[in-house]
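Since the structure comes first, as structure tokens, the remarks are kept for the end.
The values are calculated or read from the model by the stated rules, or taken from the named source; none is laboratory data. The model shown is predicted, which means the values in this text are computed figures rather than measured ones. Every residue, glycine as well, gets a Cβ built from its backbone with ideal geometry; the counts of neighbours run over all protein chains shown. To get the accessible areas, we keep the full protein, side chains included, count just its heavy atoms, and leave off ligands, DNA and RNA. Shrake-Rupley method; radii C 1.70, N 1.55, O 1.52, S 1.80 Å.
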Amino acid sequence: MLYSIYCLDNPNTEKLRDEHRTVHREYLDLWKDNLFFSGPLLDDHDENVQLGSLFILKVKDRAEAEKYIYNEVFYKAGVFASVKIVRMRKGRYNPDLAADF
């Protein structure tokens, strides 16, 4: 099953995010076999301003998606103000559109 996990940051957590970025990336590597997609959510006017994170996981059930996010480094450090987990299925898919990013 695919689950999207949409996380919005608490205000003024840029430094906290920076402090934990290396360990966050190591955590992503631990889940590489289940991580379909991940990336920061950015401000429309300033791409250097991160508003949150999006993760799309392939896991067996919601409990495993919850296990992922509730052990995620940014979540545990208090970066995220909110987390929304939603089951989904793959519809149209065009990875070539992201090739230049």
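Remarks
- Filter result (open to solvent by less than 100 Å² (accessible area, probe 1.4 Å) and part of a loop (DSSP other than H, G, I, E, B)) within segment 1-25: Met1, Asn10, Thr13
- Leu28 fulfils the conditions (1) open to solvent by less than 70 Å² (accessible area, probe 1.4 Å); (2) in contact (Cβ under 8 Å) with a residue 12 or more places away in the chain; (3) out of contact with any Asp or Glu (no Cβ under 7 Å at 6 or more places or on another chain) except for a single criterion, (2).
- Unique residue being more than 11 Å from the chain's Cα centre (by Cα) and assigned to a helix (DSSP H, G or I) when the list is Leu97, Leu28: Leu97
- In segment 57-69, the condition of being open to solvent by 70 Å² or more (accessible area, probe 1.4 Å), closer than 23 Å to Val23 by Cβ and under 12 Å from the mean Cα position of the chain (by Cα) is met by no residue.
- For segment 75-87, the candidate set comprises residues that are in a strand (DSSP E or B) and open to solvent by 70 Å² or more (accessible area, probe 1.4 Å); within that set, the residue that is nearest to Leu16 (Cα to Cα) is Lys84.
- Residues that are surrounded by 15 or more Cβ atoms within 10 Å (Cβ to Cβ) and either out of contact with any Cys (no Cβ under 7 Å at 6 or more places or on another chain) or in a helix (DSSP H, G or I) (or both) within segment 39-56 comprise Gln50, Phe55, Ile56, listed in sequence order.
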